[in-house]
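These notes concern the structure reproduced below.
Nothing in this text is a laboratory measurement; each read-out follows from the coordinates by a stated rule. None of the values given here were measured: they were computed from a predicted structure. Don't worry about glycine lacking a Cβ; one is built from the backbone with ideal geometry, like all the others, and counts go over all protein chains shown.
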Amino acid sequence: ELNVSRIPVREALLQLEAEGLVNFEAHKGATATMLSADQIDEIFDLRALLEAELLRHSIVNLTPRDLLEAEAILYDLEEATAAGDTQLATGKL
């Protein structure tokens, strides 16, 4: 359905299992690990730090068109968030 080979998906799931984010159960497959609120906060804090650092390194390569596209996505995100449409808001990212 997603046109992705099983091998990279399996490798990704094994990596997530090694990081404690996925559990494999016999005859059931992979399931997400329950995370505490503190763990989720830590993940989001780390993501914010990484994204800011990546942006700092990549911004010099952005074209005016890239910036316009980012501005349009940000506008759509703000509109979806204001309307309470979290699926649309997170789908744009």
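Brief remarks on what is shown
- Both numbers refer to the Cα atoms of the range 37-90; Rg and Dmax are 14.0, 39 Å.
- Rounded to 10°, Cα long-axis angle of helix 6-18 versus longest principal axis of the chain: 80
- Available extension along the chain between Glu17 and Ala48 is 8.9 nm, counting 0.36 nm per residue and deducting the alpha carbon span.
- Phi-based couplings in Hz for the range 59-69 (Karplus 6.51, -1.76, 1.60; Gly and Pro marked x): 4, 5, 9, 6, 8, x, 5, 4, 5, 5, 5
- Ordering of 38-48, 56-66 by packing is 38-48, 56-66, highest average first (other Cβ atoms within 10 Å, averaged per residue).
- For the chain, fraction of C-alpha pairs farther apart than 21 Å, in %: 60
- FRET efficiency for Leu77 and Phe24, using Cβ-Cβ distance with R0 set to 25 Å, rounded to 0.05: 0.10
- Residue order for Val9, Val22, Val4, fewest other beta carbons within 10 angstrom first, comes to Val4, Val9, Val22.
- For the range 42-93 versus the range 1-36, the spacing of their alpha-carbon centroids is 26 Å.
- Length released on extending from Leu67 to Asn3, taking residue separation times 0.36 nm less the Cα-Cα span: 20.0 nm
- Here's the picture: charge each Lys and Arg Cβ at +1 and each Asp and Glu Cβ at -1 in the range 37-90, and of Gly84, His57, Leu46 the one pushed furthest to the positive end of that dipole is His57.
- Helix 37-58 and the longest principal axis of the Cα set of the chain meet at an angle near 50°.
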